[in-house]
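Any read-out appearing in this document is the output of simple, stated calculations on the displayed coordinates, not a laboratory observation. Quick caveat, the model's predicted, so the values are computed rather than measured. Here the Cβ positions follow ideal geometry from the backbone for every residue, glycine too, while neighbour counts run over all protein chains shown.
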Amino acid sequence: MDRDQCFIFNGNCLDIMRKLPNESFHLIFTDPPYGETSYEWDMFNIDWIDQCKRLLKPEGSLWIWGSLRYILGIDTIIGDLGFRLSQDLVWEKNNGSGFSNDRFRRVHQFLVQYYCGKWSDIYKNVLYEPTGRSGSVTRSATEAGLHGKRKSVTTQLNKRIVRSVIKNKQRRGVGHPTAKPLDISEKIIRYSCPEDGFVLDPFAGSCTTAIAAVRSGCHFTMIEKDEKYFEIGSKLVQQEINSCDGMSKDQALKNF
């Protein structure tokens with residue numbers, strides 16, 4: 001990671017995105033305002049989406065955090081821009097929330113991936129997790145995408161592809177009320193962005209995405225409109241960079 005290619009901007013994301021060069025990023029990964037809370041900054045906004053297609057590299061992905069209501073609200077807009085839905089993940093929280101006492105307690109949040117072009121051209125680094133089992137099994141599976149040719153694939157039973165429902169504690173003590181888990185953020189970056197690749201977050205908040213990018217060996221461009229969160233995020237990122245100085249990437253990841 002070259003620090004000269006890492007940026008944190010304080011300003012309106014649309015204004016800054018318009019100034020960025022075409023096809024600059026392997027990954028756009030963000031948690032935009034949904035317009036569902038009383039926070040002053042939480043105002044529904046879709047203008048930024050229009051810039052994403054221009055800024056993504058041909059092999060790039062757009063990952064967006066959101067409630068089901070928010071995702072449904074933007075899905076048609078994203079589709080009209082040429083994006084296709086690839087997959088969705090679910091963050092299962094350790095402690096939920098609810099807007100009303102006559103509904104189920106909400107303990108989850110969605111994370112969806114969009115892409116343009118052919119799925120086979122999109123960068124993806126499949127992630128695995130240990131199972132505690134041994135041996136192997138051979139199954140029939142598609143080569144790529146939902147409609148690829150089927151072939152026999154031998155899978156080692158001591159590991160499995162990371163599941164789409166990920167349980168993780170809420171991130172506390174970082175100065176932002178809706179900060180997302182660092183572990184999940186790092187998984188998304190490792191999956192969708194090559195090492196030394198470029199990540200953009202237009203709604204950076206306290207810069208969880210930037211910290212995950214540092215730990216994944218990627219360059220980042222963060223944009224945050226609120227000066228308070230910009231200052232908090234900048235300090236957290238600098239602390240992360242300082243803690244990784246003098247370490248190899250593998251050493252840095254072991255500290256996580």
Go through the range 8-20 residue by residue and turn each phi into a ³J(HN,Hα) via Karplus (6.51, -1.76, 1.60, θ = phi - 60°); whole Hz please, and just put x for glycine and proline. 10, 9, 9, x, 6, 5, 5, 4, 6, 4, 5, 8, 7
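To make sure I understand, if each residue's beta carbon is the centre and we count other beta carbons within 10 Å, what order do T178, T209, T221 fall in, fewest to most?
T178, T221, T209
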What's the exposure ranking of F25, F110, F230, going from fewest to most Cβ atoms within 10 Å? F110, F230, F25
If I take R0 = 45 Å and measure r between the Cβ atoms of S120 and K19 in this structure, what FRET efficiency does the formula 1/(1 + (r/R0)^6) give, to the nearest 0.05? 0.90
For each of C193, C13, C116, count neighbouring Cβ atoms within 10 Å of the residue's Cβ, then give the residues from fewest to most. C116, C13, C193
The long-range amide H neighbours of D196, using H built 1.01 Å from N in the peptide plane and a cut-off of under 5 Å, are C218, H219
Here are a few candidate values for percent of Cα pairs over 30 Å apart: (i) 32; (ii) 37; (iii) 29. Which one was actually calculated from the structure I just gave you? (iii)
When the Karplus curve 6.51 cos²θ - 1.76 cosθ + 1.60 is applied with θ = phi - 60°, which whole-Hz ³J(HN,Hα) does each residue of the range 124-136 get, with x for Gly and Pro? 8, 10, 4, 9, 10, 9, x, 10, x, 9, 9, x, 8
Need the list of lysines near K118 for cross-linking: C-alpha distance under 25 angstrom, and skip anything on the same chain fewer than eight residues off. K53, K57, K149, K151, K187
Label zone at I241 (point 7 Å along Cα-to-Cβ), backbone N below 15 Å, the range 187-218: 199, 207-218
Let's see if you can work this out: charge +1 on each Lys and Arg Cβ, -1 on each Asp and Glu Cβ, no other charges. What is the dipole magnitude of the chain about its Cα centre, in debye to the nearest 20? 1320 debye
